[in-house]
There are 2 protein chains.
Amino acid sequence: MARKTKAEAAATREALLDAAEEVFLEKGVARTSLEQIARHAGMTRGAVYWHFKNKADLFQAMLNRVRMPFQELVEEIGGPSLADAPLEAIRLACVSGFARLERPRYRRVHAILIHHCEVFGDIDPLAMQNEMAEESCGALRDYLESAARLGQLREDLSPELAARLLQSMLGGLFHDWLRNHEQFSILEQGNLLVENQLGLFRRQA
Amino acid sequence: MARKTKAEAAATREALLDAAEEVFLEKGVARTSLEQIARHAGMTRGAVYWHFKNKADLFQAMLNRVRMPFQELVEEIGGPSLADAPLEAIRLACVSGFARLERPRYRRVHAILIHHCEVFGDIDPLAMQNEMAEESCGALRDYLESAARLGQLREDLSPELAARLLQSMLGGLFHDWLRNHEQFSILEQGNLLVENQLGLFRRQA
DNA sequence: CACCAACCATACATTGACGAATGTAAAAGT
DNA sequence: ACTTTTACATTCGTCAATGTATGGTTGGTG
């Protein structure tokens, strides 16, 4: 095959990753061959093995396109508002996360990671999920402790417990929505649930 | 090989299913061969193909050993107490479910179904999860509507919304625990979370 | 302008899982 | 006691997927 421009080569690489997302989501990671991915992108396995070492490497590259550390979500909500209104900061961070998840690429990759792949090669999706869970739970706990210090939390509710409740609720919502995103909008439903759950946390109903 | 008595044959069948549970949980469904399952049970693939048609059939048989319809959980909690105390009925049903999940067989099979298998043959774990979710959410809504009619719910909280909150929280807890059950006890943690979440739902804090 | 390496296709070797066919020895039936 | 069926073990053919090696064309760089 003829050599391509650097831009064209990068484009085919992206096309391969796009194809991987679609086929992985449709048929599951284990049941899709590199041949199927290549054909779906209009290429052959040669292209795949040029750009990626193997299936696990391609999978990792697919994940790297959607890395969103929690810090980015915090930065998106503005800044100094979190100092005196931590509960509102949590809500806005959640909204920010929901908005990202509605972008097809983010939704697809997370759905694949959580519902359409097993342990595989040197990639352990469960370990990744654990990391995500602990990170978000820790951040929630920080904000809720701040809220407790400011007297914005019910006195019979510890920030630790509130963080676990909220984290479990968010995790369940996340899983449910990723399972079939056509059933509801995570932005609407998520807003509703987070708002009300935080309302239950607040002092004086 | 020599023929075994009916009891012995049934025992080897159970042994094969036990082995399947362990190997599936350790290596994932797609990455384990029937050979590995058979060897782990001290047999060969011949035994597997005698008792089961193929991998999907074995998988289905494994699932059939842990079917627990929601109705059983309700029956376990006693009976007439649910009429005037629906919130307590919910709590007891959850406790009952948590207790079951701590039995190794139930825990393993659910962990496999949710975290260690993809779509596979004529088996769609996501569809099963959807069934489970809708069934439990519907039951929760029924009880919470009953609680609302009895004036046991906060007036600013619709039973519909409460059901979604609780269902998401339970689902998140479920997933988190199945991901690594060594981190905490679902019976303790589940009791704590359900109790407090229901407490937040109740009228007059 | 020349030449090399990038970029991808093609062909080939290897692996390993499945499933069916066959073997067989003891339990069940008669 | 004789036959039949059961409950496996063993072997083998097939096929799909992987990984590698090779070839061919052209963009990029000196």
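Figures for the structure shown
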| quantity | calculated |
| --- | --- |
| Contact order relative to length of segment B:6-64, as percent, for alpha carbon pairs under 8 angstrom and 6 or more apart | 34 percent |
| Exposure proxy ranking, count of Cβ atoms within 10 Å, fewest first, for A:Thr32, A:Thr5, B:Thr12 | A:Thr5, B:Thr12, A:Thr32 |
| Dimensionless Rg ratio for segment B:70-201, taking C-alpha atoms and the 2.2 N^0.38 Å reference | 1.09 |
| Cα centroid of segment B:15-40 to Cα centroid of segment A:86-115, whole Å | 35 Å |
| Among A:Pro104, A:Pro159, A:Pro125, residue whose mean-square fluctuation peaks in a GNM of chain A (springs only between Cα atoms under 10 Å) | A:Pro104 |
| Binned Cα-Cα distances of the protein assembly as shown, short to long, each 20 Å bin given as a whole percent | 24, 51, 23, 2 |
| J(HN,Hα) series, segment A:147-153, from Karplus relation 6.51 cos²θ - 1.76 cosθ + 1.60, nearest Hz, glycine and proline x | 4, 5, 4, 7, x, 9, 10 |
| Set of lysines near A:Lys55 by C-alpha distance (under 17 Å), chain-local residues within fewer than 8 positions excluded | A:Lys27 |
| Most mobile listed residue (A:Leu140, A:Leu178, A:Leu192) in chain A, GNM with C-alpha springs under 10 Å | A:Leu192 |
| Relative contact order for chain A, counting Cα pairs under 8 Å that sit 6 or more residues apart, in percent | 21 percent |
| Interchain or long-range residues, amide H under 5 Å from B:Leu153's placed H | B:Arg203 |
| Dimensions in Å of segment A:6-64 - Rg and Dmax from alpha carbons | 10.2, 32 |
| Projected label distance in nm at B:Asn191 and B:Lys4, using a 7 Å step from Cα toward the beta-carbon | 4.0 nm |
| Estimated distance in nm for a label pair at A:Gln183 and A:Arg31, the labels positioned 7 Å out from Cα along Cα-to-Cβ | 2.0 nm |
| Dipole in debye (nearest 20) - segment A:70-201, about Cα centre, beta carbon charges: Lys, Arg +1; Asp, Glu -1 | 320 debye |
| Student exercise, segment B:6-64 dipole from Lys, Arg, Asp, Glu Cβ charges, in Debye to nearest 20 | 240 debye |
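FYI, it's all coordinate maths here, none of it is from the lab. As the structure is a computational prediction, the values presented were derived from the model and not from experiment. Every residue, glycine among them, receives a Cβ derived from its backbone with ideal geometry; neighbour counts consider all protein chains shown.
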